[in-house]
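This is the structure I want to talk about, given as C-alpha cells.
Please treat every number below as a calculation from the coordinates, not as lab data. Everything numeric here is computed off the predicted structure, so don't read it as measured data. All Cβ positions, even for glycine, are placed from backbone atoms using ideal geometry, and neighbour counts span all protein chains on display.
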Amino acid sequence: MDKKREEDLLKMLGLKATKDILEFLDQHGVAQYKQLQQFVNTHTLNTRLRDLLDFHFVQHHLVREEVRREWYEPTEKGLKVLGHLREIVELAEE
C-alpha cells in the first residue's frame, strides 16, 4: 500500500460513523441504506460507504426483480478491521 492510500485509510477509520456503520453491520449482518442514515447525514453516509467499499470492508448488493432490493453487508476484511478498532479503543481505556 502506498503512503497516500495508507493515510487515506487511517483517516477514514477515524472519521465520524465509520466504526458505527461497521458495528451495525456486524450486529445485524446486513443493512439497507435507510438503516445507516441514523448515524450521519446523507452526504457523509455516501462518502463513508464509498470509502468502505473502496477498501473492501463492505459489499453492496443490488437486485432488480419485481421489486428493487439493495443492501450492504460486511466483508471478512471489514470484520477484522472492526475487531482491531475495538482492540485499539480498549487499549486507550487502560
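Can you confirm whether ILE21 is over 12 Å from the mean Cα position of the chain (by Cα) and within 21 Å of ARG5 (Cβ to Cβ)?
Working: over 12 Å from the mean Cα position of the chain (by Cα): no; within 21 Å of ARG5 (Cβ to Cβ): yes.
It is false that ILE21 is over 12 Å from the mean Cα position of the chain (by Cα) and within 21 Å of ARG5 (Cβ to Cβ).
Specify the residue that is surrounded by the most Cβ atoms within 10 Å (Cβ to Cβ); the eligible residues are those in segment 74-88 that are without any contact (Cβ under 8 Å) to a residue 40 or more places away in the chain and assigned to a helix (DSSP H, G or I).
Step one: filter segment 74-88 for residues without any contact (Cβ under 8 Å) to a residue 40 or more places away in the chain, giving 75-77, 80, 83-84, 86-88.
Those left that are additionally assigned to a helix (DSSP H, G or I): 76-77, 80, 83-84, 86-88.
On the way: GLU76: 9, LYS77: 12, LYS80: 12, GLY83: 12, HIS84: 11, ARG86: 14, GLU87: 10, ILE88: 12.
Ranking the candidates gives ARG86 first.
If you don't mind, there's one more thing I want to ask. Can you work out which of the residues in segment 9-30 that are in contact with an Asp or Glu (Cβ under 8 Å, 6 or more places away or on another chain) and in a helix (DSSP H, G or I) is surrounded by the most Cβ atoms within 10 Å (Cβ to Cβ)?
LEU25
While we're on this one: Can you name every residue in segment 31-73 that is surrounded by 13 or more Cβ atoms within 10 Å (Cβ to Cβ) and hydrophobic (A, V, I, L, M, F, W, C)?
Matches in segment 31-73: ALA31, LEU36, PHE39, VAL40, LEU45, LEU49, LEU52, LEU53, PHE55, PHE57, VAL58, TRP71.
In segment 47-69, which residues are touching a helix residue (DSSP H, G or I) at 6+ places or on another chain (Cβ under 7 Å) and assigned to a strand (DSSP E or B)?
Narrowing segment 47-69 to residues touching a helix residue (DSSP H, G or I) at 6+ places or on another chain (Cβ under 7 Å): 48, 51-52, 55-58, 60.
The answer is VAL58, HIS60.
Could you please give the count of residues in segment 37-46 that are under 24 Å from ARG5 (Cβ atoms) and touching a helix residue (DSSP H, G or I) at 6+ places or on another chain (Cβ under 8 Å)? Even if it seems obvious, please write down each step before you answer.
Within segment 37-46, the first condition is being under 24 Å from ARG5 (Cβ atoms), and the residues that meet it are 40, 43-46.
Remaining after also requiring touching a helix residue (DSSP H, G or I) at 6+ places or on another chain (Cβ under 8 Å): 40, 45.
Total satisfying the criteria: 2.
Can you tell me which residues in segment 31-46 are among the polar types (S, T, N, Q) and not in a helix (DSSP H, G or I)? Step through it out loud before you land on a result.
Within segment 31-46, the first condition is being among the polar types (S, T, N, Q), and the residues that meet it are 32, 35, 37-38, 41-42, 44, 46.
Passing the criteria: GLN32, GLN37, GLN38, ASN41.
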